[in-house]
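Student: I'd like to ask some things about the structure below.
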Amino acid sequence: MRRILIGLCLLSVLFLIPAAFAQSDSSSEPNPPLVAEDIRQALFNTQIAMMSGDTENATASLEEAAQLYHDDLSPTITTTSPAIDQAMNEAFAHALEAVEQGDTAAFSAARSQIWTGLLNGSSEIVYSAITLGDGMTAERWLRLRDFRVSTRFSRPGADATLAVNALANESITTDDVLAAVRADLLDTYQAQLNTALADVQEAHDNDFALRSAEEAGLAQGYFEILAAAYGEQRGETTLATARTAFSTLVNAAMTGNDAAFTAAQTSVNEAIAGFRAAPLSESEIIRRAGQLNRFVMLVPIEYARGVRNGIVTSDIEIQEALTFHEGATAAFTDLQTTIAGYDTEATAQIGQLLAQALTQIRDVVEPSELQATIDQINGLLTTTLPAEWLNTTSESDIDVILSVLDQVENAAAQGDYRLAESARLDAYALLELGVEQRLRGFAPDMAVRIESLFWQGTSEQTGLSVLLANQAPIAEVRSARAELETAFGEARLLLGSNSSAPAAIAGNAAIIVFREGLEAVLILASLLASLRSGEQKLYRRPLVLGSILAFVATAITWWIATNLLTLLLPLGERLEAITSIVAIAVLLLVTNWFFHKSYWVGWMANFHVRKRELIGGVAAITISQTAGLVLLGFTSVYREGFETVLFLQSLVVEAGTIVVLQGVALGLLGTAIVGVITFSLQRRLPYKKMLVVTGVFIGFVLLTMIGNTVHVMQSIGWLPISPIQGVYLPYWAGQWFGLFATWQGVILQIIAGVFVIGSYFLAEHQNKRTREGARTTAEQRQTAS
């Protein structure tokens, strides 16, 4: 016993030693964001010492920063991108030269270049780690980054973090993670570039030399992070020109020469005009286009309410007009490059007209003048943008509503509850324009909740109307406004999600695969059962071989279909609608075919006729017979496989390949169990009852798919939305069963149900007449004999 205990202790030590070393190694790895902040602080201390004339301490602080970089960050950056490490060494050398010469402006520029160099190196390390599937390294270095200020007119900066976390959990592909991280970081650093350029102009105008040099250095550094994307879009020659423009801007900012600075700023603006490092996805483009259309339309409406005879009569209306103009400008900036691809001249005119509209608002011109400018913008948008961009979406409408609710809070904070109430009514009017109609059709409970929050409130939250009428404290108004924003966030998710619950999708896929697999097993079992004699058993092998080839062909068909869908993905939700319509047609044919017994009997009989023709009573099997039997086995199974692939594509578009494959695996497992029982154990199962039960399940799948397809077609504008007043269905009813409280969906589901049930009774009626006719004929023959 003692020896056993000693052995266990020694074994524990052996396990603990590697773990301790591993923990030691892990804790010894540098923390990139913390090291970067230490470097930043040391550089700040350097500049403070320079400004006080303390060259010795300035040099010491700079050497501390350089040592931190070379000890902790340089090794990893060098491995990933030697060019960035070289640029960092040059930036430290420029900083040291500036310290020795006492040139604080030059040091400010070098300090900015060191910081952005660290950001550039971190980005490249993150990209490389993601490509290698190293989620831990990507997560550690991603924390060394800048963040942009998020507004409802711009994408938030959390996508990269969520994507890297998903990579660590292996819940997303490497390519998707890399795309999300690149989009987030490039979007962030382009926003930082634009901010730096605006700040350097402001600093120069105010004669802030150090700030001007610092911001110019930041602009140059941020552009360098975007340089690879810029070169891909515009070529290396144009990239070299742009780099020269930024370098010239830094030199002009350091010298303070007005003419040189203006020329350099102009060159930089020309170089980056229309450039977007992270192109928008199709859904983001449509959302921005919806924002642009809605905001542009609302600018003159709000302006006209606040101006009379060249005098501002309502400050909040003018503020709302400015807010809508800001939203339109932000959306246009995001879309500028994309719109220029359709018409460069029209894009430039839209930008000029937006600037003109802003000037008109500030100059308090007559509303008719502003309306004329907006009409020109609308005309250019109509003739330039694709037709589908011109339709406002729920995403863009909610963005507009929330921007107006901002004005409600601002007015209440200033104590002007009358103006706050006016803005609340404007927001509610926008709600009724489209979002509320869709919510009443797809999520009526949410529609009631949002409307209540606008007016009397709920049991948990007093309504915004009541609070403003009672001039409640601003804290209570903010609470109600926050509750509305939360509700709209949930509504955005509900309206933006057209897919069923993943479990429902997987279940539907399993039912279809099992149903079609069961038919294939029955056909093959019927063919093999008639080949029981010793001479005929040799014909079984070609049939089995043909069925195996059919299975392989089905897998190839699946691969071709999914790749074809990948090419058609730019169609977005329209692709889901199209594939769903095709799948519904296939299901209707399958159910109709199943209920008509004569089709089933004729189909089976056809296989047996072909089999008898191939065998022909010959004892020795020939090559032609083998080929024919292989083909017979192939066609008996591939027909079911082809139908299954065709149907499942709509589910792939809706929920993704992984979810559908889970259902396919479950369906194949059920089919395999039936096959083993049938072929190996030679047991007879209640096939007819199984076919009837699975047929009923397919009927439910058909109704669910019709409901979801109608929902998608309503979402993309192919069908109108007519809510059923007084009927409220929970959200899960749509997710699991495709039930939504709209007349279009319910009526089409009823029609499909009538078709399926009617097909069954029609088939039974025809079978009954056939049986009665056969009985009558037999009786007549018996009487005649």
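The values are calculated or read from the model by the stated rules, or taken from the named source; none is laboratory data. Computed from a predicted model, the values in this text were never measured in an experiment. Neighbour counts run over all protein chains shown; Cβ positions are idealised from the backbone, glycine included. Heavy atoms of the whole protein, side chains included, go into the accessibility calculation; ligands, DNA and RNA do not. Shrake-Rupley method; radii C 1.70, N 1.55, O 1.52, S 1.80 Å.
Student: Heavy atoms only, probe 1.4 angstrom, no DNA, RNA or ligands counted: give me Y760, Y303 ranked by accessible area, highest first.
Tutor: Accessible-area ranking of Y760, Y303, largest first: Y760, Y303.
Student: Apply the Karplus parameterisation 6.51 cos²θ - 1.76 cosθ + 1.60, with θ equal to phi minus 60°, to every residue of the range 461-470 and state each ³J(HN,Hα) to the nearest whole Hz, in sequence, with x for glycine and proline.
Tutor: 9, 5, x, 5, 4, 5, 4, 5, 5, 8
Student: Between T742 and residues 5 or more places away or on another chain, which pairs have amide H atoms under 5 Å apart, with H built 1.01 Å from N, and which residues are they?
Tutor: I724
Student: Using θ = phi - 60° and the Karplus relation 6.51 cos²θ - 1.76 cosθ + 1.60, list the HN-Hα couplings for the range 135-144 in order, rounded to whole Hz, with x at every Gly or Pro.
Tutor: x, 5, 5, 4, 5, 5, 7, 5, 5, 8
Student: I'd like to compare 404-413, 748-757: which one has the highest average count of other Cβ atoms within 10 Å, and what's the full order after that? Mind showing how you got there, number by number?
Tutor: On the way: 404-413: 21.2, 748-757: 15.7.
Descending packing order for the listed peptides: 404-413, 748-757.
Student: Please work out how much accessible surface R288 shows to a 1.4 Å probe, ignoring ligands, DNA and RNA, in Å² rounded to 10.
Tutor: Probe radius 1.4 Å; accessible area of R288 about 10 Å².
Student: So, one more: Towards the positive end of the charge dipole of the range 310-397, with charges on Cβ (+1 Lys, Arg; -1 Asp, Glu), say which of P367, L385, Y342 has the farthest Cα.
Tutor: So the residue furthest toward the plus end is Y342.
Student: Compute the relative contact order of the range 158-305 as a whole-number percentage, counting only Cα pairs closer than 8 Å that sit 6 or more residues apart in sequence.
Tutor: With pairs under 8 Å counted, the relative contact order is 20 percent.
Student: In whole Hz and in residue order, list the ³J(HN,Hα) couplings for the range 92-102 that follow from phi through the Karplus curve 6.51 cos²θ - 1.76 cosθ + 1.60, θ = phi - 60°; x for Gly and Pro.
Tutor: 5, 5, 5, 5, 5, 4, 5, 5, 5, 8, x
Student: At a 1.4 Å probe radius, which order do L43, L669 fall into by accessible area, largest first?
Tutor: L669, L43
Student: While we're looking at this one, here's another question. With a ≥ b ≥ c taken as the square roots of the eigenvalues of the C-alpha gyration tensor of the range 302-383, please select rounded if a/c is under 1.5 and otherwise prolate if a/b is larger than b/c or oblate if it is not? Working shown, then result.
Tutor: Details: a/c = 2.97, a/b = 2.05, b/c = 1.45.
It is prolate, given that a/c is not under 1.5 and a/b is the larger ratio.
Student: Then there's this: Classify the range 233-352 as rounded, prolate or oblate from the Cα gyration tensor: take a ≥ b ≥ c as the square roots of its eigenvalues, call it rounded if a/c is under 1.5, otherwise prolate when a/b beats b/c and oblate if not. Write out the running numbers ahead of the final one.
Tutor: Numbers: a/c = 3.15, a/b = 1.54, b/c = 2.05.
It comes out oblate by the Cα gyration axes.
Student: Something else: Which far-off residues, 5 or more places away or on another chain, put their amide H under 5 Å from the one on V307, with H placed in the peptide plane?
Tutor: T313
Student: How big is the accessible area of T131 in square angstrom, nearest 10, if you roll a 1.4 angstrom probe over the protein chains?
Tutor: 90 Å²
Student: How big is the charge dipole of the range 197-271 about its Cα centre, in debye rounded to the nearest 20, if each Lys and Arg gets +1 on its Cβ and each Asp and Glu gets -1 on its Cβ? Spell out each step's value before the answer.
Tutor: Values: 3 positive and 11 negative charges, 46 e Å.
Using Cβ point charges on Lys, Arg, Asp and Glu, the range 197-271 gives about 220 debye.
Student: How much accessible surface area, in Å² rounded to 10, belongs to the heavy atoms of D207 with a 1.4 Å probe?
Tutor: 130 Å²
Student: Of S128, L142, S112, whose Cα points farthest to the positive end of the dipole of the range 106-151 (charges on the beta-carbon: +1 Lys, Arg; -1 Asp, Glu; origin at the Cα centre)?
Tutor: Comparing the listed Cα positions along the dipole, S112 ranks first.
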